[in-house]
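Below is one structure; the comments refer to it alone.
Each value in this text was obtained by applying a stated rule to the coordinates, not by laboratory testing. Owing to the predicted nature of the structure, the values given are computational and were not obtained by experimental measurement. All Cβ positions, glycine included, derive from the backbone under ideal geometry; neighbour counts span all protein chains shown.
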Amino acid sequence: MKFKLTFWRVVFIVIMGLGLYSSFIRYFRGLGAVSNMTDQFPWGLWIGFDCLCGVMLAAGGFCMVGAVYLFNVESLHSVVRPAVLTAFLGYILFIVGLLFDLGRPWYIWHQLIYMNPHSVMFEVGMCVMTYTTVLFFEFLPNVFERFHMTTPIKWIKKIYPVLIVLGILLSTLHQSSLGSLYLIMPSKLHPFWYSPALPFFFFASAVAVGLAMTIFESTQSAKAFGRHLELPVLVTLGGALLVALWVNALLRFEDYFRRGMLGQIFKPSYEAYFLWLELTLTFVIPITMLSFKKVRLSPQGLYLASVCTVLGFITNRLNIALIGFETYVGHHYVPKWTEFSITLMIIAMGFALFGLAVKYLPIFPAERHPAKQRLRTETAPVVATPVLGHAGD
Amino acid sequence: MSKALLYDATMCIGCKQCEAGCAQQNKLRYDDTVAAESVQSAHKYTVVLTKDDKFMRRLCMHCEKPACASVCPVGAFHKTKEGPVVYDVWKCIGCRYCMVACAFAQPKYEWQSLNPRVRKCIMCPDRIAAGKQTACAEICPTGATKFGERDDLIKEAQDRIRQNPSTYLPRIYGLHEVGGTSVLILSSVNVEEYGYPASAKIGDTPMPEYTGQVMERIPDFIPVWTLVLGGIYWVSHRREEVAAAEAEEKNGSER
């Protein structure tokens with residue numbers, strides 16, 4: 001096998017090289033040397049992006065598992081495996097990110113022995129730990145199938161209902177609890193983003209992003225791995241995304257209305273600019289786009305709307321984690337290049353691992369039987385996903 | 001009965017003896033450079049600020065219901081019954097949630113260290129346990145920082161305000177803020193001018209209650225949500241089973 005140097009491979013190597021350099025600085029010079037975090041800004045880009053956004057971007061896993069196995073939406077069967085894979089990788093990378101951000105990562109296991117049940121962080125930690133295990137088991141059939149091991153697949157099938165219910169329960173808990181983390185800072189976080197409803201916003205936005213990410217990922221995979229794009233799947237997801245966005249928008253509106261903030265959010269200010277950017281990307285553009293049937297039926301339209309949604313909610317989380325604190329602190333926080341480089345390295349690792357998994361594991365089993373894939377929608381979903389199709393029975 | 005510190009800014013002469021005493025007690029470097037620093041940091045737990053010939057001390061407030069203790073995932077902070085909020089470094093994983101959660105922004109971090117610790121005033125718990133007063137109170141030449149029982153100090157502060165209403169603002173900062181703190185402040189100017197958070201902004205609600213309201217619902221939420229999810233699963237798959245059985249029956253009769 002010959003290694004060909006393509007453009008993206010060069011980009012990947014450069015990112016990894018810089019990331020390794022930054023990792024060296026992180027572990028041999030300390031957090032102060034690698035980041036622009038200070039006593040005034042103890043949480044920076046890594047909490048804002050790697051943790052808050054990372055967990056949100058991995059929400060596709062529980063959304064698709066919920067849709068297909070809980071609500072029996074058969075037509076979405078083909079996206080469950082890639083969604084679960086993305087979620088599994090996402091959570092592993094979230095933990096990797098945490099190992100960079102924690103001051104004493106070698107004591108991360110203290111969570112298990114010095115428990116503080118009053119702490120939201122403790123709850124998030126336990127949920128993430130357990131949910132990553134659940135995702136591991138949901139992902140495992142891919143490996144077993146690859147090596148034609150039927151017995152362990154049967155075992156996993158037996159516990160699959162438990163995995164599904166547990167996975168969604170844990171996701172509900174920690175997706176919302178990421179928002180609860182900020183409930184204790186009413187005097188610090190800007191009122192545009194501080195709200196008693198934060199846990200609800202975080203959960204609702206995770207569902208919307210889960211749907212948008214699945215559209216994004218399916219389209220990207222189709223391009224990257226030369227797969228046939230399943231439009232009916234995207235159309236279903238696009239419809240669900242529109243509903244999810246409306247729910248999010250109404251929740252936010254209701255919150256601003258109840259807290260009497262509606263007048264203030266339209267007054268120009270530093271925070272208002274970021275809020276406008278966020279609201280435009282999360283609600284105005286994608287809701288407008290998806291309201292047209294033409295867009296909802298076109299792969300490009302759905303792709304653009306979902307990319308916009310994802311960017312919008314990333315802005316939302318960064319606003320909460322970084323911008324919302326700047327007025328309180330009294331100065332700006334701009335991440336150091338080494339912080340960006342570690343974040344980029346983690347993202348690059350995610351893409352690379354996804355590519356490897358798709359290459360060596362039956363993540364898109366339909367790919368090998370393009371004829372059967374079209375049949376699938378009319379007959380049984382079992383053909384495309386032999387294991388997971390039965391898994392819930 | 002818990003111990004507390006009463007800091008009377010009108011009695012403070014800005015000698016910074018408390019800074020020096022604190023540094024000595026906590027084995028921290030203290031020289032002219034450190035003395036000139038007007039911010040708290042991992043190597044300076046308390047600071048005397050100067051503004052228009054008036055002084056103000058800053059230190060950990062030792063909340064009655066501390067946010068740091070409630071948010072720490074590994075319980076590295078706790079409020080002792082004597083009053084101090086102390087830190088167990090061996091538990092700490094370095095998530096820095098305490099720093100973000102503290103309304104008074106007191107916990108500081110050893111950013112340059114490879115095994116960093118959270119640093120803040122811990123109100124000399126060893127000295128208190130030994131029946132002594134804190135290092136800063138002991139060294140204070142004017143009695144501006146006074147150590148004693150919280151209830152007694154509150155009474156004394158109220159007396160001082162009553163006797164000299166023209167000197168003091170009629171309030172004790174820390175009496176009700178975030179549910180009360182073990183550091184009480186009397187002054188002739190608003191403490192907010194020295195970087196203390198405004199009383200109106202932080203309120204009288206103990207900080208842990210903001211997250212507690214959500215956290216206490218979780219034990220109920222888990223079984224209810226599990227039942228709901230399990231129920232949906234059962235219903236949607238039951239329907240499938242019935243459909244499959246019916247289809248089979250149909251096939252059978254056709255044959």
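Here are the numbers for this structure:
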| read-out | value |
| --- | --- |
| Label-to-label distance, nm, for residues given as residue A:220 and residue A:106 (7 Å Cα→Cβ offset) | 3.5 nm |
| Chain A: radius of gyration over Cα atoms, expressed as a fraction of 2.2 N^0.38 Å | 1.00 |
| Neighbour net charge for residue A:315 - beta-carbon separation under 13 angstrom, K R +1, D E -1 | -1 |
| Around residue B:44: net Lys/Arg minus Asp/Glu count, Cβ-Cβ under 14 Å | +2 |
| Tail weight of P(r) past 22 Å, computed on alpha-carbon pairs of region A:201-280, percent | 42 percent |
| Förster-model FRET efficiency, 41 Å R0, residue B:200 and residue B:132, C-beta, rounded to 0.05 | 0.65 |
| Region A:1-98: chymotrypsin sites (Phe, Trp or Tyr not before Pro) in DSSP coil with no more than 16 other Cβ atoms inside 10 Å | A:3, A:71 |
| Spatial separation of Cα centroids for region A:244-289 and region B:98-134, in angstrom | 40 Å |
| Förster radius 51 Å - calculated FRET efficiency between residue B:240 and residue A:337, Cβ distance, rounded to 0.05 | 0.45 |
| Gain in span if fully extended, residue B:37 to residue B:53, counting 0.36 nm per residue against the direct Cα distance | 4.0 nm |
| Counted charge near residue B:205, where neighbours are those whose Cβ lies closer than 11 Å (Asp, Glu -1; Lys, Arg +1) | -2 |
| Per DSSP, loop trypsin sites (Lys or Arg not before Pro) in region B:8-48 with at most 13 further Cβ within 10 Å | B:27, B:29 |
| Convex hull volume per residue for region A:139-292, taking Cα atoms only, in Å³ | 165 Å³ |
| Added length on full extension, which subtracts the Cα-Cα distance from 0.36 nm per residue, residue B:169 to residue B:82 | 28.5 nm |
| Estimated 222 nm signal from helices in chain A, with DSSP H stretches of n ≥ 4 weighted -39500 (n - 2.57), rounded to 500 | -22000 deg cm²/dmol |
| Chain B: radius of gyration over Cα atoms, expressed as a fraction of 2.2 N^0.38 Å | 1.48 |
| Residue-averaged [θ]222 nm for chain B, counting only DSSP H segments that reach four residues, each worth -39500 (n - 2.57) | -11000 deg cm²/dmol |
| At q = 0.23 Å⁻¹, base-10 log of I(q)/I(0) for region A:105-199 (Debye sum, equal scatterers on each alpha carbon) | -1.10 |
| D_trans [Stokes-Einstein, Kirkwood Rh over alpha-carbon pairs] for region A:7-83, 20 °C, 1.002 mPa s, µm² s⁻¹ | 135 µm²/s |
| Cross-link pairs beyond the 22 Å C-alpha cut-off, checked among B:27/B:108; A:158/A:359; B:27/B:132 | A:158/A:359 |
| Two-site label geometry, residue B:13 and residue A:266: point separation in nm, points 7 Å out along Cα→Cβ | 6.0 nm |
